[in-house]
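Bear in mind that the values in this text are calculations on the coordinates, not laboratory data. None of the values given here were measured: they were computed from a predicted structure. Every residue, glycine as well, gets a Cβ built from its backbone with ideal geometry; the counts of neighbours run over all protein chains shown.
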Amino acid sequence: MVIQFCGLSGVGKTTLAQHAKNQLRQKGISVEIVDGDVYRSKLCKDLGFSKADRQENIRRLGFIASRFSSQGIVAIMSVINPYEETRAELKASYPNVKTVYLDCPVETLFLRDTKGLYKRSQLPDHDPAKISNLTGINDQFEIPSDADLRLNTDVKTVEECTDDLCSLILKELESDNQDFQFTEKIISQTLKNAE
């Protein structure tokens, strides 16, 4: 299973991914976090922040997440993931991809501003420290039309968001397991009938 987060900077993606990983591991479920910031500094450092580069970044991270998923590891993509087209592309390209939208008012994100990005987006245009392509402020973010889960991180606690995310994952894993058991029964019956 691949969980593709989408949400603005400071909404709590990395925190939620880490909490979910810890909670699921306690239940014996393997989880790997594909963190956009980490991978961008290593694997995707050739990419900038144009729309095409952002989309390519998500494609690469989606591929990595799909490789974890194919090995039975729940992969959580902790990324801004701003474009509906790219999210849909991932869902069409790989099995069992779920979209989780982390939502929070921009005003709250300005107050949190854990990385100082929002403050830098408001600097004068001539300031060399100005960020002129901060997603959701002066660059596009498309709210997902079909998220499998929407979490309002300004209303819910980290623990509540973690519980909601883990419930989604556990429900999907249980459904996948039932599908597998059903298929296994059909194969077994077919083999018996062939004898």
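Over the chain, what is the relative contact order in percent, taking alpha-carbon pairs closer than 8 angstrom and at least six residues apart?
Working: 264 pairs, mean separation 55.8, N = 195.
Answer for the chain is 29 percent.
Between beta-carbons, use under 12 Å as the cut-off and find the net charge around Lys91, counting Lys and Arg +1, Asp and Glu -1.
Taking every Cβ under 12 Å from that of Lys91, the sum is -3.
Tell me the Kirkwood hydrodynamic radius of the chain in angstroms, computed as one over the mean inverse distance between distinct C-alpha pairs.
18.0
Taking amide hydrogens as modeled 1.01 Å from N in the peptide plane, which residues meet the under 5 Å criterion relative to Asp139, leaving out close sequence neighbours?
Leu134
How large is log10 of I(q)/I(0) for segment 95-160 at q = 0.17, 0.25, 0.26, 0.29 Å⁻¹ when the intensity is taken from the Debye formula with one equal scatterer per alpha-carbon?
For segment 95-160 at q = 0.17, 0.25, 0.26, 0.29 Å⁻¹, log10 I(q)/I(0) is -0.74, -1.13, -1.17, -1.27.
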